[in-house]
Every structure is written in C-alpha cells, then in structure tokens.
Amino acid sequence: MTSTEDFVVQLALTKGLITQAQIDTAREQIAQHTDLSTPPPKVAEVLIKEKAVTPSQLSKLLATEFGMQSVDVNMVRVPSELINVLPRELATRYKVFPISRDGRKMRVAISDPLDVQALDELGYVLNLTLEPCVSPAEDIKQACDRLYGKDAASLEKMLENAGEGADELVTANDADAPTEGKENDGPIIKLVHSIIMEAIQRRASDIHLEPMEKRFRVRYRVDGVLLEVENPPKRLQASILSRLKIMSNISIAEKRIPQDGRIQVNTGGKSLDLRVSSLPTSHGESIVMRILDKEGLSLGLPELGFFSDDRASMERLITLPDGLLLVTGPTGSGKTTTLYSCLHFINKPDKKIITVEDPVEYQLSGINQVPVRHEVGMTFASALRSMLRQAPNIVMVGEIRDLETAEIAINASLTGHMVFSTLHTNDAPGAITRLSDIGVKPFLVSTALRAALAQRLVRTVCKKCKKPYTPDAEELRSLNITPAQASAATFTKGLGCPNCNGTGYRGRYGIFEIFLVNEEIQRMIYDGTGTGQLREKARSLGMRTMREDGVRKVLAGATTIEEVVSITVGDAG
C-alpha cells in the first residue's frame, strides 16, 4: 500500500469504521488478481467496492486528522474567474479543484493531505497561498470534468480508439461528403461528433471554435454564459475545421470570406439543426454553431416568465383580429422563442398562420413556414407580398430589416391581418423610433401598432440546490428594493450542484416591458413625439420597465439580484 492509503485504512480501523477481518478479506481479493493488463486494486478501493466504507467517510477521517475542512465538491458553486486562475492543466496535474478565492488566498479541494509537495508547487506556480480542504479523489475528478469539460487524456484516448464502436451522432450531410481520405478521417470524425454531443448534453445553445495563436479554443454557451472546455490539440485545428465545413456543405477551399451553412443531426431520437457560421481570423477560421431543436417549441407564456397580469395582457394582444405586435431586444434575448410561443397559443384549426423566417428555426405543426432564400430572390418583402395572396389570418415576419418589409407588414396589419415581427431595439418605446429611422411614416405606425414587447433573459436559480438567503443593504439598494418589499420576499441562491454544473443556475427566464398603444399614445406617435416622452407617458399609464419586472422575479425567488443588475444595467428605471 502507498503511505496515504496505508494511513487512511489504519485510521478507519482505529476509528471502528472497518474491521481487521474486512481488511484481510480485501487483501485476499487483491492476491487473487491475475489480469496482468490492469494493476491490482488497492485495499481502500476494495473496501469501498464492497461497501464496507464510503469515500466520503474516508475523506472526512483525513480532514479531521489533519485539522482541515471536509467539502462536498458536488455542491460547490465555482466563481467563473477561478477557471482562468487555475486552468485545467494545473488542476489535473496536481489533482485539485478550485473552491473560492479571497485576495491572495485560494481554497482548493485535495484528496491527499500528505502530498504537501504538490500543494507547495501549485502555490508557487499560482503565486497564491492555498488553503486545502479534503474531498474524495473521484469526486474531485468528476467535478473537474463538469467544470472544465473532458480532459486531454480522454481526448487523446478518443483519437487513438476512434475506429472502435458506432458513432452516437448521425449527420444528414455525411452521405454527400467527399469520400477521398475517409478511411483516415475516423479519429477526427469521432472527435468532432464528441464536441457536438457534449454541447447537446450540457444544454448549450452555441458552440464556439476559436483559433488562437498557440491553442485552439472550444467554448459552449450555456444559459447565456460562455464556458471554456478542454481544447483539442492545436495540430488538429485544420482537420477539425475542414470536417465541420464538409458537414455543413460549405467550401473547404474558401478561407478568405465568411460562409454560412447548416448541419442536420439526429441523436437520441431527436432531430437537431446546427446553423454554422465561419469567419476568417488572424490564426484561422473561427466557427460558431447555433444548436436548434427542429422539432419545435411548445412553451406556454408562463414558462417564458410571464406573471399572470402580463400573461393576461399578452393573451389579449395576440388574439386581436388585426394590428402589428413587435418583440424587441438584442440578439439572443429570446425574441423568436416568444413569437413561437404566441403562435403556439393561437394555433387553432380555424386560423391560417403563415411565417417567413431566415432561417426556419423550429418546425411548428399546423403552420405554413416559408424560409427566406436570397439566392433565388425570396426576400422577406417578396415572400410577405406573396403570402398575403394566401389569405392568412395571422402573419409572422422573422425580422423587419428595411422599409419595404416594414411597409408591407404594416399595410397587411391595416387590411385585416394580425402581424407579428421582431426589431433590434434596447427598449419597447424605442420600436417607434426604429420604424421612423427605417422610413415608415408616423401616421402608419400610430394606426397599425398595437404594442411593443421588449425582453431580456436572466438565469434562473437551480431548483436542486436553491437555498434561501438574506441580501445585504447594498444589494437591496442596487435594485431599489424597499425594506417592506424585502420583508415579504423569498430571496434564493443556488449553492452549485451537478444538476447546474456548479453554477447555481439552470435555465433562463424572460423579463419583459410591455408598451401598450392606446389613443393617447397613438396621438403622440402621430405627432412624432420622441422616445423619452413616449416612455414617460407609458410609465404614467402603468408600464413596468424590464428592471422592475426583474425585481418581481427576484422577490419571488426565481432569479438573483446579480442577474437582474447585470442584464438591465442600462435601465434606469
């Protein structure tokens, strides 16, 4: 036995956790080990396998003996900045897991308190004073895998054994891929598939593959936050990029201009679309893949984050017989998801619904969806013009980008159609200014527009590890939460667990600003009133800002003060 193993087994014996007979039985099993291709198990491993003792019990024994804390790394929420302070390579080499940092001190989890040399070396490399806690070795390994992604050894092993077994990911474009060199491409194919599979398992919305000067960085966007995972070897960069370009049917010879493509994949009985974008950079082509579930959305308005009062307003708006409803916000704020949920709500056999999208992101049963195809002249405007001859009740335009599309959409809303669309603006009243900037006449906007909805997405507290907590005075001031509001609120935070990959958050929720157009607002739009005055009038009529809606969700325990402050930093109101 190694010194640490011998020490912990004897310690467990002394404390009465195990018996000498159990130790003897474990040694007999080890003596019967005859497989020369694998090393014999250790006494502690056999005792754990036979359930004589648990890894957690041994870990707590060591912690008590050395005057350290015992920590469950599965419940630790790791600050994102620690990933850069303690990179994967060092965590793996020294078998540690980062917990927290306070100035020049950093708490880390270790499994072997006797390995003082490793701690001294790591502290010297990081130029920090390390405060060790004790956790089982397997827990540390699994926690590191969740935090950093797959380790380098597993990637190398995957490359070596790539030809063994069937791929778990089936891509629709593989049949059309060039056959030349395919017999040597197995390892790269499996590595690329593993990158996509891991992203899907982590619920990522995007995969970013970014060539750097000396490394090839891979990051996943999960719940709106980028998470760096283990980087593939730099030498494989060209092969991985070429493989992805082949899968997405874009030219592998063209490396000077941006290109767009799509990959269709089937995994676990589910069909997914990956929208692929390549962009030439100084060190190679950067590729970003947006993951879309083609089989559609069936989210209701409550699942999006609408409270009952806002939900009632939205249900009234989307069931109007005609008019224009705009959903606004930056890229990635969930505008398309909101529109799909509205369509799902009103999708009945007595309604004809047609959408024009670039591209069709989700397939909705019972709805006619038209993809934009610029190469054959099928633009938003031309598609919208043709759609109106199909006598629809409801029309959804993916985005209003120019005057021609805006005028056709508004005219459609004035001739008995309900029109849904999106705009890129910072707030709801800003939609008026945006339409004016495009060139739409104010009298058309005032007549057609029924409402504008602005939204952002905030991360929701993980339900598996959420705990109540009491915010300090500074946190309450950051959102102008009064003592009366705080006393009646349920503030929660996630501690971090396997369900949320240690972040404390899982999933996202919308915060909204609904700008309703009544007769008074109509007159102001007709007169060309500015966004500021429109916003003041709407607030006097009861409009809540996104920050105020975020405060409601904080008080209800759905999200945290930090999330709302960071997402609505520009909202004074």
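Say the cut-off is 29 Å between C-alpha atoms; which of Lys95/Lys553; Lys351/Lys553; Lys141/Lys467; Lys51/Lys464; Lys42/Lys464; Lys270/Lys463 go over it?
Among Lys95/Lys553; Lys351/Lys553; Lys141/Lys467; Lys51/Lys464; Lys42/Lys464; Lys270/Lys463, the Cα-Cα distance tops 29 Å for Lys95/Lys553; Lys351/Lys553; Lys42/Lys464.
As an exercise, use a Förster radius of 30 Å and the Cβ-Cβ distance of Asn411 and Asn249 to find the FRET efficiency, rounded to the nearest 0.05.
Numbers: r = 37 Å, r/R0 = 1.24.
It comes to 0.20.
Round to a whole number: what % of the accessible area of the chain belongs to carbon and sulfur, probe 1.4 Å?
Ligands and nucleic acids excluded, carbon and sulfur reach 51 percent.
Only helices at least 20 Å long along their axis, Cα-based, and averaging 1.0 or more on Kyte-Doolittle count here, so list those DSSP H runs from the chain.
Flagged H segments are 186-201.
Put +1 on the Cβ of every Lys and Arg and -1 on every Asp and Glu Cβ in the chain; which of Ile410, Ser70, Pro211 then has its Cα farthest towards the positive end of the dipole?
Result: Ile410, furthest along the dipole toward the positive end.
Roughly speaking, what is the stretch gain from His33 to Val376, that is 0.36 nm per residue apart minus the C-alpha to C-alpha distance, in nm to one decimal?
Numbers: separation 343, 0.36 × 343 = 123.48 nm, distance 6.95 nm.
Full-extension gain reported as 116.5 nm.
Expressed as a whole percent, how much of the Cα-Cα distance distribution for region 343-443 exceeds 23 Å?
25
Volume per residue, Å³, of the convex hull around the alpha-carbon atoms of region 232-365?
166
How much length is gained if the chain between Thr64 and Leu403 is pulled fully straight, taking 0.36 nm per residue apart and subtracting their Cα-Cα distance, in nm to one decimal? Before the final figure, lay out each step's value.
Numbers: separation 339, 0.36 × 339 = 122.04 nm, distance 7.17 nm.
Going from the current span to full extension adds 114.9 nm.
How do Arg523, Arg450, Arg256 rank by accessible surface area computed with a 1.4 Å probe, from largest to smallest?
Order by accessible area, largest first: Arg256, Arg523, Arg450.
Taking every DSSP beta bridge that has both residues in the chain, what percent is antiparallel when rounded to the nearest 5?
65
In terms of solvent-accessible area of protein heavy atoms at a 1.4 angstrom probe, what is the ranking of Asp260, Asp145, highest value first?
Asp260, Asp145
Which value, to two decimals, describes the C-alpha radius of gyration of the chain once divided by 2.2 N^0.38 Å?
Computed over Cα atoms of the chain, the ratio equals 1.16.
Not counting ligands, DNA or RNA, and with a 1.4 Å probe, what is Tyr469's accessible surface area in Å² rounded to the nearest 10?
Solvent-accessible area, nearest 10 Å²: 50 Å².
Which log10 I(q)/I(0) values does region 416-573 give at q = 0.15, 0.18, 0.21 Å⁻¹ under the Debye formula, counting every alpha carbon as one identical point scatterer?
Debye curve over Cα of region 416-573, log10 I(q)/I(0) at q = 0.15, 0.18, 0.21 Å⁻¹: -0.83, -1.02, -1.23.
Keeping all protein chains in place, calculate the accessible area per residue for the chain (probe 1.4 angstrom), answer in Å².
Numbers: 27640 Å² over 573 residues.
In whole numbers, the chain has 48 Å² accessible per residue.
Answer rounded, prolate or oblate for region 33-103, using the Cα gyration tensor with square roots of eigenvalues a ≥ b ≥ c: rounded when a/c is under 1.5, else prolate when a/b is larger than b/c, else oblate.
Cα axes put region 33-103 in the oblate bin.
Looking at region 189-266, what % of the alpha carbon pairs are farther apart than 22 Å?
24
Each label point is 7 Å from the Cα along the Cα-to-Cβ direction; what then is the distance between the points at Arg217 and Asp309, in nm?
Between Arg217 and Asp309, the label points sit 4.3 nm apart.
Calculate the length of the line joining the C-alpha centroid of region 507-573 to that of region 256-295, in whole Å.
Here the answer is 34 Å between Cα centres.
Return the ratio Rg/(2.2 N^0.38 Å) for region 330-388, where Rg is computed over Cα atoms only.
On the way: Rg = 12.3 Å, N = 59, 2.2 N^0.38 = 10.4 Å.
In units of the 2.2 N^0.38 Å rule of thumb, it is 1.19.
Please arrange Met75, Met68 by accessible surface area, largest first, computed with a 1.4 Å probe and ligands excluded.
Reading off the accessible areas and sorting them downward yields Met75, Met68.
Please compute, for the alpha-carbon atoms of region 8-137, the extent along each of the three principal axes and give them in descending order in Å.
Largest first, region 8-137 extends 49, 35, 26 Å along its Cα principal axes.
The values are calculated or read from the model by the stated rules, or taken from the named source; none is laboratory data. Here the structure is a predicted model, which is why all the values come from computation and not from measurement. Don't worry about glycine lacking a Cβ; one is built from the backbone with ideal geometry, like all the others, and counts go over all protein chains shown. Note: areas computed on protein heavy atoms with side chains; ligands, DNA, RNA excluded. Shrake-Rupley method; radii C 1.70, N 1.55, O 1.52, S 1.80 Å.
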